[in-house]
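First up is the structure itself, then whatever we jot down about it.
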Ligand SMILES: C/C=C/C(=O)SCCNC(=O)CCNC(=O)[C@H](O)C(C)(C)COP(=O)(O)OP(=O)(O)OC[C@H]1O[C@@H](n2cnc3c(N)ncnc32)[C@H](O)[C@@H]1OP(=O)(O)O
């Protein structure tokens, strides 16, 4: 991978990727989105990796949005469509990763930065973090899935409140809305993210991928159809060696050593 705007650090089965464009508060330019696509490919294909954490360099910003300079330079409506679709496709691949992705929101998560966090499985926020979708105050529309994922996560009315006002909110209010799962003192954010990620990375990889897939698919299904899908995943998982290992380890009172098949 050729990374200029992202820092890749692997500790055991957990990879920490830091968005690192300090002069632009880690704003997402095209180059960074292309590098994120490379990171997703690597996390997806590398069996030594069980979980991914995303965070921002510095204390001020997680990601302060898509790069406004690149937006300003868009020449035609179809160029804007292509840019939005490209970003949406990268975030859809992030969301579909068969491994847990945690956003460690260390500061401003605005516009495309919050949209990227919405494509993660779990959002942890520093108590100093502020987040929102200010696009309408710039004369833009959220274009990396924010209108879709925010309404699904916090409800139509609250999503409209945030998008129509463009107002950033603090971490405590975000927690109340269910926009983030946990709020921590800034100094504890990464340690907590790494602890959670390490625990998840030690679960049976195929079982985690199937559980994540069932949750995602089930959101668009009738309850019984979703339960039927879940039941078939239970059937599938019993054909793995990890299924045998998990049960055996339980009775032998030792941690399971999962292999991912
Ligand atoms: C499809 C998705 C669309 C979108 O995401 S649209 C963009 C949505 N994001 C925003 O609207 C946030 C834009 N940024 C801000 O509002 C402010 O920044 C902050 C509130 C985050 C911080 O304000 P302060 O502390 O005064 O810092 P500062 O001087 O504004 O920013 C420091 C440097 O960072 C650059 N920068 C900040 N955000 C972006 C961005 N999103 N794209 C490109 N550059 C950005 C600035 O220009 C400046 O640079 P220099 O020091 O050269 O003046």
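When the criteria are applied in full, residue 52 meets the requirement of being in contact with a helix residue (DSSP H, G or I) (Cβ under 7 Å, 6 or more places away or on another chain) and away from the ligand (no atom under 16 Å from the Cβ).
Please state which one of 146, 132, 218 is at pLDDT 95 or above, within 30 Å of residue 259 (Cβ to Cβ) and either outside the structural domain of residue 28 (by TED's automatic domain parsing) or buried (at least 17 other Cβ atoms within 10 Å of the Cβ) (or both).
218 is the lone residue from the list that is at pLDDT 95 or above, within 30 Å of residue 259 (Cβ to Cβ) and either outside the structural domain of residue 28 (by TED's automatic domain parsing) or buried (at least 17 other Cβ atoms within 10 Å of the Cβ) (or both).
Consider residue 170 carefully, then state whether it is loosely packed, with under 14 Cβ neighbours inside 10 Å and farther than 20 Å from residue 95 by Cβ. When the stated conditions are applied, residue 170 does not pass them.
Among the residues here, residue 243 qualifies as over 19 Å from the mean Cα position of the chain (by Cα) and part of a helix (DSSP H, G or I). Looking across region 63-87, the residues that are touching a helix residue (DSSP H, G or I) at 6+ places or on another chain (Cβ under 9 Å) and within 10 Å of the ligand (Cβ to nearest atom) come down to 63, 64, 65, 66, 67, 68, 69, 70, 71, 80, 83, 87. Given the criteria at pLDDT 95 or above, within 16 Å of the ligand (Cβ to nearest atom) and either out of contact with any helix residue (DSSP H, G or I) (no Cβ under 6 Å at 6 or more places or on another chain) or outside the structural domain of residue 98 (by TED's automatic domain parsing) (or both), does residue 16 qualify? Taking the combined requirement at face value, the residue does not satisfy it. Any residue that is outside the structural domain of residue 122 (by TED's automatic domain parsing), surrounded by 12 or more Cβ atoms within 10 Å (Cβ to Cβ), out of contact with any strand residue (DSSP E or B) (no Cβ under 7 Å at 6 or more places or on another chain) and closer than 20 Å to residue 120 by Cα - is there at least one of those in region 222-245? For region 222-245, residues outside the structural domain of residue 122 (by TED's automatic domain parsing), surrounded by 12 or more Cβ atoms within 10 Å (Cβ to Cβ), out of contact with any strand residue (DSSP E or B) (no Cβ under 7 Å at 6 or more places or on another chain) and closer than 20 Å to residue 120 by Cα: absent.
Taking strands (runs of 3 or more DSSP E) as the structural unit, those lying wholly within region 1-63 and holding at least 3 residues that are more than 15 Å from the chain's Cα centre (by Cα) correspond to 6-11. One residue stands out among those in region 64-89 that are in contact (Cβ under 8 Å) with a residue 24 or more places away in the chain and not in a helix (DSSP H, G or I): the one that is farthest from residue 196 (Cα to Cα), which is 67.
Could you tell me whether residue 24 is within 17 Å of residue 6 (Cα to Cα), touching a strand residue (DSSP E or B) at 6+ places or on another chain (Cβ under 7 Å), surrounded by 15 or more Cβ atoms within 10 Å (Cβ to Cβ) and touching a residue at least 40 places away in the same chain (Cβ under 8 Å)?
It is false that residue 24 is within 17 Å of residue 6 (Cα to Cα), touching a strand residue (DSSP E or B) at 6+ places or on another chain (Cβ under 7 Å), surrounded by 15 or more Cβ atoms within 10 Å (Cβ to Cβ) and touching a residue at least 40 places away in the same chain (Cβ under 8 Å).
The values are calculated or read from the model by the stated rules, or taken from the named source; none is laboratory data. The model shown is predicted, which means the values in this text are computed figures rather than measured ones. No Cβ is skipped: glycine too gets one built from the backbone with ideal geometry, and neighbour counts run over all protein chains shown.
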